[in-house]
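A short write-up of the structure that comes next.
The values are calculated or read from the model by the stated rules, or taken from the named source; none is laboratory data. Predicted, not measured: the structure shown is a model, and the values here were computed from it. Quick reminder, even Gly has a Cβ in these numbers, built from the backbone with ideal geometry, and neighbours come from all protein chains shown. Surface accessibility is based on the protein's heavy atoms, side chains included, excluding ligands, DNA and RNA. Shrake-Rupley method; radii C 1.70, N 1.55, O 1.52, S 1.80 Å.
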Amino acid sequence: VQGTSMDPRYLPGELIYLEKRRAPQPGDHVVIEMRPDKDGHQEAFLKRLVAVTPTKLKVAQYNPAKTIEIDRKAILQVIRVMTLADLF
């Protein structure tokens, strides 16, 4: 984890595990991998999934608390973060 947008749930430097087999559901924490831009630069974000519409992905962060809408055309993939219950 990089940055503090998900603090206090996920702290900078914390290791997370991702799962591609199970589709993310609202309430899950997810990594959103964006499509590369024209210069080949690619970003990924750790957020909490709020809602999915045909055109937008609505996600939330904790620090500062806010909701963000992302155009689904800009997203390469959304991957679910595994919980402790999943791991054990």
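Hey, among 27, 40, 13, which residue is on the phi > 0 side of the Ramachandran plot, open to solvent by 60 Å² or more (accessible area, probe 1.4 Å) and of a type outside the set (A, V, I, L, M, F, W, C)? Steps first, please.
On the way: 27 fails: open to solvent by 60 Å² or more (accessible area, probe 1.4 Å); 40 fails: open to solvent by 60 Å² or more (accessible area, probe 1.4 Å).
Testing whether each residue is on the phi > 0 side of the Ramachandran plot, open to solvent by 60 Å² or more (accessible area, probe 1.4 Å) and of a type outside the set (A, V, I, L, M, F, W, C) leaves just 13.
Here residue 46 qualifies as in contact with a Phe, Trp or Tyr (Cβ under 8 Å, 6 or more places away or on another chain) and touching a residue at least 24 places away in the same chain (Cβ under 8 Å).
Each row is one residue, and each column tells you yes or no for (1) closer than 17 Å to residue 1 by Cβ; (2) among the acidic types (Asp, Glu).
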residue: 11; (1), (2): yes, no
residue: 16; (1), (2): yes, no
residue: 26; (1), (2): no, no
residue: 43; (1), (2): yes, yes
residue: 55; (1), (2): no, no
residue: 63; (1), (2): yes, no
residue: 79; (1), (2): yes, no
residue: 87; (1), (2): yes, no
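Pairing residues of the stretch 21-43 that are closer than 19 Å to residue 74 by Cα with residues that are of a type in the set (Asp, Glu), at Cβ distances under 7 Å and at least 6 apart in sequence or on separate chains, gives 34/43. For residue 70, the conditions (1) closer than 30 Å to residue 88 by Cβ; (2) surrounded by 11 or more Cβ atoms within 10 Å (Cβ to Cβ); (3) touching a residue at least 24 places away in the same chain (Cβ under 8 Å); (4) touching a strand residue (DSSP E or B) at 6+ places or on another chain (Cβ under 7 Å) all hold with the exception of (1).
The chain holds strands (runs of 3 or more DSSP E) entirely within its bounds, and those carrying 1 or more residues that are aromatic (Phe, Trp, Tyr) map to 44-52, 56-62. Note on the stretch 73-84: among residues that are farther than 14 Å from residue 34 by Cα and surrounded by 15 or more Cβ atoms within 10 Å (Cβ to Cβ), the one that is farthest from the chain's Cα centre (by Cα) is 82.
Can you say whether residue 59 is within 17 Å of residue 5 (Cβ to Cβ) and either surrounded by 11 or more Cβ atoms within 10 Å (Cβ to Cβ) or in contact with an Asp or Glu (Cβ under 6 Å, 6 or more places away or on another chain) (or both), as far as the supplied structure shows? Before the answer, list the steps.
Values: within 17 Å of residue 5 (Cβ to Cβ): yes; either surrounded by 11 or more Cβ atoms within 10 Å (Cβ to Cβ) or in contact with an Asp or Glu (Cβ under 6 Å, 6 or more places away or on another chain) (or both): yes.
For residue 59, the condition - within 17 Å of residue 5 (Cβ to Cβ) and either surrounded by 11 or more Cβ atoms within 10 Å (Cβ to Cβ) or in contact with an Asp or Glu (Cβ under 6 Å, 6 or more places away or on another chain) (or both) - is met.
Residue 87 meets each of the listed conditions (1) surrounded by fewer than 11 Cβ atoms within 10 Å (Cβ to Cβ); (2) in contact (Cβ under 8 Å) with a residue 60 or more places away in the chain; (3) touching a strand residue (DSSP E or B) at 6+ places or on another chain (Cβ under 7 Å) apart from (3).
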